[in-house]
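To start, the structure under review is shown below, and the notes come after it.
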Amino acid sequence: MAAMNLSSSTHTASSSTFRLLSASRTYTSPKSHLCFHSTHIKNRSFFSFPSSISHKPNHTTKNRRSHLSLVVSALGKLSDTESVPVPPESDAVSAVFPPASGVYAVYDKNGDMQFVGLSRNIQSSILYHQKSVPELCASIKVGVVDNPDRSALTQAWKSWMEEHIEAAGKVPPGNETGNTTWVRQAPKKKADLRITPGRNVQLTVPLEELIDRMVKENKVVAFIKGSRTAPQCGFSQRVVGILESEGVDYESVDVLDEEHNGGLRETLKKYSNWPTFPQVFVNGELVGGCDILSSMHETGELSGLFKK
Amino acid sequence: MGSRGTNLLLSRASRIKSKLQSVLEAKFLEVEDVSYQHAGHAAVKDNANETHFNVKVVSGKFDGQNLVKRHRMVYDALADELESGLHALSIVAKTPKEAGLN
């Protein structure tokens, strides 16, 4: 399923590199990878590509099989798996490594193993590592795990780890306890904005004016129920999710926070002439609530708006 | 049920329906009570009946109006309901052309 999530833009971006690199190295494009999986499940030892998406004529079929196993081989022994150099550009990384579930072993430029990881999307994990620790990601071995339930993945990871420890006599440095080099950090969440410092503070300016300032001084402001880290309402949660996935820098205000934002709900409803929450403002203008945001997110209008 | 006074006569869903129908001259209108999905929700107080609705409406009056304006037209038509416990609406507002009705 992971392969299905791949956006079409990534696919287009990677298909050009696919052709370019396929002269020297082989791997599947995300699209063909999907097909690979379906045929692969039926017959573990052989697979073929539909000719419509094959970029190369048939004479390479023999080679392709062995080369392909570099990248999308079903899980085998670590020592039998060939390592694949990590291309410097992320487009090329996407073309080489499949968005599939499985295990992967990362080697530095001296060929020393740094880390064994397991992932539901190997491609995305590798992209992340390449971005955060490029100096440690020279080449990577990949073992795809079909039907990846939790125990199958863990089992696969264990088998590679055990094989490595037996051969090298030590745990890869990245897998040592306390090493966080390879751990994906959750994006840092900002604090919610507050209208006042506390309940007993007398406002010197009308609440309406504070709202007005808040939405005009910040590019994107979401008035939500609950905090951004723990929205109290499904619609607010969806809005936070959309803003996070757009990757836009936004401020949030908890309209349920009576301590700091007392009276905000009623005043905001009048200010925006909008009776429900969440409410999202961009450049001082009300964009709408959850429905409008969702639909603009789907059509791509939203990202256009954020660029303005 | 008996304590809900005026609601005895008509459910909120049917009031929403008739209000939207008359104000927006809807070509298509669907009102679905989804309050049950939000029972126990932080902001819904004791009276958790008829608080959340899905509304799908197609109206020629939406022509040339952006989404914010269309939603406001729906909200304006239902101002009384919003004052009296209607908590959230999920709105799909289309012009007849967008909905392929023309």
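The values are calculated or read from the model by the stated rules, or taken from the named source; none is laboratory data. Note that the coordinates shown come from a computational prediction; the quantities given were computed from them, not determined experimentally. Every residue, glycine among them, receives a Cβ derived from its backbone with ideal geometry; neighbour counts consider all protein chains shown.
Output the number of residues of the range B:84-101 satisfying the condition of being at the interface with chain A (Cβ under 9 Å from one of its Cβ atoms) and either outside any strand (DSSP E or B) or of a type in the set (A, V, I, L, M, F, W, C) (or both).
7
For the range A:268-302, name all the residues that are over 23 Å from A:L193 (Cα atoms) and more than 10 Å from chain B (Cβ to nearest Cβ).
Once the filter is applied, which keeps residues that are over 23 Å from A:L193 (Cα atoms) and more than 10 Å from chain B (Cβ to nearest Cβ), the range A:268-302 yields A:H297, A:E298, A:T299, A:G300.
Restricting to the range A:124-177, what's the tally of residues that are over 11 Å from A:L78 (Cα atoms) and among the aromatic types (F, W, Y)?
Looking only at that region, the number is 1.
So in the range A:238-262, with the set limited to residues that are assigned to a loop (DSSP other than H, G, I, E, B) and in contact with a helix residue (DSSP H, G or I) (Cβ under 6 Å, 6 or more places away or on another chain), which one is farthest from B:L67 (Cα to Cα)?
The selected residue is A:V255.
Quick one: what pairs do we get from the range B:71-100, first residue under 18 Å from B:V23 (Cα atoms), second of a type in the set (F, W, Y) and assigned to a strand (DSSP E or B), C-beta under 6 Å, 6+ apart or different chains?
Correct list of pairs: B:L89/B:F53.
Given the conditions (1) away from every other protein chain (no Cβ under 14 Å); (2) within 15 Å of A:F306 (Cβ to Cβ); (3) in contact (Cβ under 8 Å) with a residue 12 or more places away in the chain, which single one is not true for A:S252?
(2)
Results for (1) within 10 Å of chain A (Cβ to nearest Cβ); (2) farther than 30 Å from A:S227 by Cβ; (3) at pLDDT below 95, shown as yes or no for each residue.
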{"position": "B:T6", "(1), (2), (3)": "no, yes, yes"}
{"position": "B:L9", "(1), (2), (3)": "no, yes, yes"}
{"position": "B:L29", "(1), (2), (3)": "no, yes, no"}
{"position": "B:N47", "(1), (2), (3)": "no, no, yes"}
{"position": "B:H52", "(1), (2), (3)": "yes, no, yes"}
{"position": "B:V58", "(1), (2), (3)": "no, yes, no"}
{"position": "B:E81", "(1), (2), (3)": "yes, no, yes"}
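Can you find even one residue in the range A:212-224 that is surrounded by fewer than 20 Cβ atoms within 10 Å (Cβ to Cβ) and within 14 Å of chain B (Cβ to nearest Cβ)?
No, the range A:212-224 has no match at all.
Taking interchain pairs and intrachain pairs at least six residues apart, which have beta carbon atoms under 6 angstrom, with the first residue in the range A:227-240 and more than 10 Å from chain B (Cβ to nearest Cβ) and in contact (Cβ under 8 Å) with a residue 40 or more places away in the chain and the second of a type in the set (D, E) and assigned to a helix (DSSP H, G or I)?
none
Examine the range A:285-299 for a residue that is out of contact with any Ser or Thr (no Cβ under 7 Å at 6 or more places or on another chain) and assigned to a loop (DSSP other than H, G, I, E, B), and state whether such a residue exists.
Within the range A:285-299 (the criterion being out of contact with any Ser or Thr (no Cβ under 7 Å at 6 or more places or on another chain) and assigned to a loop (DSSP other than H, G, I, E, B)), the answer is no, since none of the residues qualifies.
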